[in-house]
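Q: Structure in structure tokens, see below.
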Amino acid sequence: MTANKFISPAVQAMNLIRYIGDRVSESGTPELINIYAIQDAIEAPSVEFALQLIEDLKERGTIIYSDSSVPGDMLREFNLSLNGWEQYEAEKRGQFSGNYGFIAMQFNDDNLDAFIRDVVKPAVKDGIGYELVDLRDVSQAGIIDNIMRPD
């Protein structure tokens, strides 16, 4: 996660659905994934936050995971439910309606950086409720590509 940046839980949830969907799509079977890897992939502020998000998505019927029989074990076998796969596919085709948008601009312009951070992002959030994601802050490759690229 970037310094002093909090990625909204809704964005983290979609990142988790994408992360699991991408992994399972590659193998064709449920994937054994370490919770710490998920925390990093979705840029959760803590492992506890990631676990709560995982539990929320399980309760909603979006993801499926197996509980470990070993206390303290951080490995779980993950898959998406049919609902999860529908969200995954819709997001990949750019059909997923979210409450965030992307902003891309030149690097290393202190005036522009401050203007975007202090004026544009808060105005968009207050005005229409959308969180702007600065592509330079997103450490995971392919996020915007998945939305822009047609299947």
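The values are calculated or read from the model by the stated rules, or taken from the named source; none is laboratory data. Here the structure is a predicted model, which means the values were calculated and not measured. Quick reminder, even Gly has a Cβ in these numbers, built from the backbone with ideal geometry, and neighbours come from all protein chains shown.
Q: If you take the residues of the range 122-131 that are touching a residue at least 12 places away in the same chain (Cβ under 8 Å) and surrounded by 10 or more Cβ atoms within 10 Å (Cβ to Cβ), which of them is nearest to Ser8 (Cα to Cα)? Please lay out each step first, then the result.
A: First pass over the range 122-131, keeping only residues touching a residue at least 12 places away in the same chain (Cβ under 8 Å): 124, 129-131.
If we keep only those that are surrounded by 10 or more Cβ atoms within 10 Å (Cβ to Cβ) as well, we get 124, 130-131.
Details: Val124: 15, Tyr130: 10, Glu131: 8 Å.
Filtering the range 122-131 for residues that are touching a residue at least 12 places away in the same chain (Cβ under 8 Å) and surrounded by 10 or more Cβ atoms within 10 Å (Cβ to Cβ), the one nearest to Ser8 (Cα to Cα) comes out as Glu131.
Q: Does the range 89-111 contain any residue that is out of contact with any strand residue (DSSP E or B) (no Cβ under 9 Å at 6 or more places or on another chain), within 18 Å of Ile7 (Cβ to Cβ), at pLDDT 75 or above and surrounded by 14 or more Cβ atoms within 10 Å (Cβ to Cβ)?
A: yes
Q: List the residue pairs whose Cβ atoms are under 7 Å apart, where the first residue sits in the range 1-23 and is within 21 Å of Asn83 (Cα to Cα) and in the same structural domain as Gln87 (by TED's automatic domain parsing), the second is part of a helix (DSSP H, G or I) and modelled with pLDDT under 80, and the two are 6 or more positions apart or on different chains.
A: Arg18/Asn146
Q: On to the next question. Is it the case that some residue within the range 26-33 is exposed (fewer than 12 other Cβ atoms within 10 Å of the Cβ), closer than 15 Å to Gln87 by Cα, modelled with pLDDT of 90 or more and more than 13 Å from the chain's Cα centre (by Cα)?
A: Within the range 26-33, not a single residue is exposed (fewer than 12 other Cβ atoms within 10 Å of the Cβ), closer than 15 Å to Gln87 by Cα, modelled with pLDDT of 90 or more and more than 13 Å from the chain's Cα centre (by Cα).
Q: Asn146 fails exactly one of the following numbered conditions: (1) part of a helix (DSSP H, G or I); (2) within 18 Å of the chain's Cα centre (by Cα); (3) modelled with pLDDT of 70 or more. What is the number of that condition?
A: (3)
Q: Go through the residues of the range 67-83 one by one and say whether even a single one is within 30 Å of Gly127 (Cβ to Cβ), buried (at least 17 other Cβ atoms within 10 Å of the Cβ) and modelled with pLDDT of 80 or more.
A: The answer is no, given that none of the residues of the range 67-83 is within 30 Å of Gly127 (Cβ to Cβ), buried (at least 17 other Cβ atoms within 10 Å of the Cβ) and modelled with pLDDT of 80 or more.
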